[in-house]
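The structure under discussion appears below in the form of structure tokens.
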Amino acid sequence: MIGILGAYGNIGIWATRFIKAKSSQKLRIGGRNIDKVAPEIREEFADADWVKVDVSDKESIGQFITGCDCILDCTKISEKDALQMDDIASVANVPIVHLGIVGYRKGKSNAPIIYGAGSIPGLSGLIPQYLAQHFDSVEKCDFYYGGIGSFSYTAARDYMEGIFESTNHSMSYWKDGELQPFTPATTSPADVLESFLGTFKAFPYFDEESAAVVQKIGFREARFQMCLGGERTLRTLDSARLQYKQNPEKTIEEICRSTQLDCFGKSENAIFVCNIDGTANGTECQKQLIISGLAPSQLTGSVAGATVITVLEKGLPHQEFLLGETNLSNDIINKLSNIKSFSCVTKNVSDEIEGEI
């Protein structure tokens, strides 16, 4: 049985749909307000067990976990409650996949515990690994993420928490074994990004997932940038750093509202662009991977769902880690490729198509 907490939220619903389509296991759907779930959602998952659960109550969450083979957490969970859930699951030897990063504490566990199993972090850590397989050796990576779509509560909170996280460094990039003040790459896929996003602003960052990717693949130079558009969104983010410490809930609400207004009337879409320079078949080259075709909420939920299925198929070491630190890039991206509108294209900078999923 697969237990899903927050299965009926705007991201959780896509994760639940993915899991239902790809697994024959029975679903256990838990939440504090399951009696208020829309009838059409209850009907869509009529064959699931619907259980009222309070993630802050030790006995309640323990009862929910008991009997499950894996748990997916898509809730607005606090750090305290996440740690309690992890401890209960560890004792019960039940893997947990957390959509967000709040509560992450890298270390040993009696069960696999994955954090950041969404788009960014999550897929953002898998994509460079997926593209790097096309090289004999790698030199440089330029990574970009952009999206047209409203931020979920979890996405907005993770974004703000990441700003203040000691392992996250804004306006920095990796070069020759250390962080440097950010300088743009000599070339960029601005035209590709603008065709999806319109006018946007790039926010360079280097977080714990970025560090893991750089060390794992061995890039000499690496840049990671989040690309955001929308007049209201950018204006809100300009003041969010000061407001968040004073009133985090209000700040998160304002970010979510701004992104909703900015994407009103637009087709939602998420895009990842990854350029890697290196050597393939004895020749220096640059390859580019572009992933697009899904709204941010659907993509994020689908990554979480694919992670759960993969954990059950393969099993993972008994420890706590970020999804982007794992060796699951092929498994996750290949599962996403079965979604009709999902596009994953790899090409040379000469625009000669190497492969398309």
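Summary table
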| read-out | value |
| --- | --- |
| Some residue of region 265-272 being open to solvent by 20 Å² or more (accessible area, probe 1.4 Å) and part of a helix (DSSP H, G or I) | no |
| Answer from Gly62, Gly3 - the residue that is modelled with pLDDT of 95 or more and touching a Lys or Arg at 6+ places or on another chain (Cβ under 6 Å) | Gly3 |
| Number of the exception - Leu261 against (1) closer than 23 Å to Gly293 by Cα; (2) in contact with a helix residue (DSSP H, G or I) (Cβ under 8 Å, 6 or more places away or on another chain); (3) hydrophobic (A, V, I, L, M, F, W, C); (4) open to solvent by less than 60 Å² (accessible area, probe 1.4 Å) | (4) |
| Within region 135-233, helices (runs of 4 or more DSSP H) holding 3 or more residues that are surrounded by 16 or more Cβ atoms within 10 Å (Cβ to Cβ) and without any contact (Cβ under 8 Å) to a residue 12 or more places away in the chain | none |
| Residue in region 304-311 that is open to solvent by 10 Å² or more (accessible area, probe 1.4 Å), small (Gly, Ala, Ser) and modelled with pLDDT of 95 or more present | no |
| Hits in region 34-58 (condition: acidic (Asp, Glu) and either open to solvent by less than 20 Å² (accessible area, probe 1.4 Å) or assigned to a loop (DSSP other than H, G, I, E, B) (or both)) | Asp47, Asp54, Asp57 |
| Breaking point among (1) closer than 19 Å to Val345 by Cα; (2) among the aliphatic types (A, V, I, L, M); (3) modelled with pLDDT under 90, for Ile271 | (3) |
| Subset of region 21-33 [in contact with a helix residue (DSSP H, G or I) (Cβ under 9 Å, 6 or more places away or on another chain) and surrounded by fewer than 20 Cβ atoms within 10 Å (Cβ to Cβ)] | Ala21, Lys22, Ser23, Gln25 |
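The values are calculated or read from the model by the stated rules, or taken from the named source; none is laboratory data. Note that the structure is a prediction, hence the values are computed from the model and not measured. With ideal geometry, Cβ positions are generated from the backbone for all residues, glycine too; neighbour counts draw on all protein chains shown. Note: accessible area is taken over every heavy atom of the protein model, side chains too, but ligands, DNA and RNA are not part of it. Shrake-Rupley method; radii C 1.70, N 1.55, O 1.52, S 1.80 Å.
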